[in-house]
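The block underneath contains the structure these notes are about, expressed in structure tokens.
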Amino acid sequence: MNLHQLRFVREAVRQNYNLTDAAKALFTSQPGVSKAIIELEEELGVDIFTRHGKRIRGLTEPGRLVLESVEVVMQEIDSLKRIGKEFAAQDSGSFTIACTHTQARYTLPRVVQAFMLKYPKVRLSLLQGNPRQIADMVQRDQADLAIATESIASVDGLITLPCYQWEHVVVVPADHPLLKSKAVSLEEIASYPLITYDSAFAGRSKIDHAFSLRGLKPDVLLEAIDADVIKTYVELGMGIGIIAGMAFDAERDKNLRAISVGQLFGMNTSRVAIKQGSYLRSYVYTFIELLAPTLNRKLVESAMSGTKDTYEL
């Protein structure tokens with residue numbers, strides 16, 4: 001048994017059981033991958049994969065258990081490599097953050113700026129996607145951590161900690177009738193064409209749930225993945241928008257006005273997610289604390305060790 005065999009098994013699963021694609025991803029030959037997997041199966045005395053002819057189709061029951069062990073072993077190997085790199089270069093290296101557009105555009109600039117002043121030798125990368133996509137990036141070791149709202153908290157294999165809370169706002173043109181309302185209601189909002197986030201983003205499920213509870217079916221004219229697009233179409237007079245409060249800037253959005261509607265749609269919590277069992281370099285802890293000062297290294301390490309199961313704002 002060797003690490004190459006374990007890598008081949010893991011990559012075969014990741015590539016949807018296509019050994020040709022697995023070989024390409026690992027820069028080796030397809031016959032070599034196939035042979036190594038067969039040799040591992042013979043050594044273990046069980047079939048890891050189900051087959052149709054020469055093609056693998058899925059995991060056997062013992063194969064699922066083998067894959068779980070493979071993931072643990074490979075994660076420990078990755079951690080050993082990171083430990084070596086960190087002590088070889090304490091204040092340099094690469095750091096990849098996966099986040100939604102809202103986080104990248106409105107929350108992270110001040111944090112990234114402060115971080116780069118502390119660690120100018122670190123090569124920082126930002127990857128963007130919806131919550132499910134960025135969670136997958138962390139699970140697949142394509143990113144060190146993820147920052148998002150919503151479903152990221154329920155993803156298996158990730159430890160998530162709350163960073164901060166925020167509310168939605170309704171954005172309207174400067175002369176819109178809703179600005180005359182003393183307390184905007186769901187019924188009033190639903191009476192206008194609505195422009196808001198795609199269902200995977202920024203508290204959209206809470207928006208839909210609030211309307212549903214009142215038996216309302218708003219006319220969602222347009223769904224977008226970021227607030228800038230929503231605000232653009234509101235400025236064009238196509239409807240009213242619902243965005244994260246952090247995405248409205250009175251100085252930049254001079255043609256628009258924001259109406260707080262947290263009382264209608266509730267509070268939302270942005271979270272930072274880390275892969276369970278991963279090794280974090282010291283500057284990653286620094287970044288997390290810059291993002292959320294309450295998340296100091298001791299607290300994060302406690303959460304990762306399983307000694308702190310719940311930590312909520």
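Only Cα pairs under 8 Å and 6+ residues apart enter the sum, and on that basis the relative contact order of the chain stands at 19 percent.
Given in Å, the Rg to one decimal and the Dmax to the nearest whole number for the Cα atoms of the stretch 219-313 are 18.6, 52.
The mean sequence separation of alpha-carbon pairs under 8 Å and at least six residues apart, normalised by the residue count of the stretch 59-216, gives a relative contact order of 19 percent. When the helices of the chain are scored as -39500 (n - 2.57) per DSSP H run of n ≥ 4 and the total is divided over every residue, the value at 222 nm lands at -12500 deg cm²/dmol. Of the beta bridges DSSP finds with both residues in the stretch 13-151, what % are antiparallel, to the nearest 5? Taking every DSSP beta bridge within the stretch 13-151, about 25 percent pair in antiparallel fashion. Accessible surface for D78 stands near 30 Å², nearest 10, in the context of the full protein assembly shown (1.4 Å probe).
Here the ratio of the Cα radius of gyration of the chain to 2.2 N^0.38 Å is 1.21. Using C-alpha positions alone, give me the convex hull volume of the stretch 136-234 per residue in cubic angstrom. In the stretch 136-234, the Cα convex hull volume per residue is 133 Å³. Candidate cross-link partners of K121 among the aspartates and glutamates, defined by an alpha-carbon separation under 14 Å and a same-chain spacing of 8 or more, comprise E86, D91. Using a cut-off of 22 Å between Cα atoms, the listed pairs K180/K231; K231/K254; K206/K254 include K206/K254 as exceeding that distance. Averaging the Cα positions of each part gives two centres, and for the stretch 1-62 and the stretch 275-305 these lie 35 Å apart. Restricting things to alpha carbons, find the Rg to Rh ratio for the stretch 54-165 using the Kirkwood radius for Rh. That ratio is 1.05, to two decimals.
Within the same chain, aspartates and glutamates fewer than 8 places from K298 are excluded, and of the rest, those with a Cα less than 12 Å from its Cα are E289. Put a plus charge on the Cβ of each Lys and Arg, a minus charge on the Cβ of each Asp and Glu, and nothing anywhere else: the dipole of the chain about its Cα centre is then about 480 debye.
Springs between Cα atoms under 10 Å define the GNM used for the chain, and in it the highest mean-square fluctuation of I274, I134, I77 occurs at I77. Ranking I240, L179, G203 by Cα position along the charge dipole of the stretch 174-278, where only Lys, Arg, Asp and Glu carry charges on their C-beta atoms, puts G203 farthest toward the positive end. Roughly to the nearest percent, how much of the accessible area of the stretch 99-174 is carbon and sulfur, given a 1.4 Å probe? Taking all protein chains in place, the stretch 99-174 shows 47 percent carbon and sulfur surface.
Of all DSSP beta bridges in the chain, what percent run antiparallel (nearest 5)? Taking every DSSP beta bridge within the chain, about 60 percent pair in antiparallel fashion.
Cross-link reach is defined here as a Cα-Cα straight distance under 16 Å, omitting same-chain residues fewer than 8 places apart; for K24 the lysines meeting it are K35.
The values are calculated or read from the model by the stated rules, or taken from the named source; none is laboratory data. None of these values were measured; they are calculated from a predicted model. Don't worry about glycine lacking a Cβ; one is built from the backbone with ideal geometry, like all the others, and counts go over all protein chains shown. The protein model used for the area step is the full one, side chains on, heavy atoms only, and it has no ligands, DNA or RNA in it. Shrake-Rupley method; radii C 1.70, N 1.55, O 1.52, S 1.80 Å.
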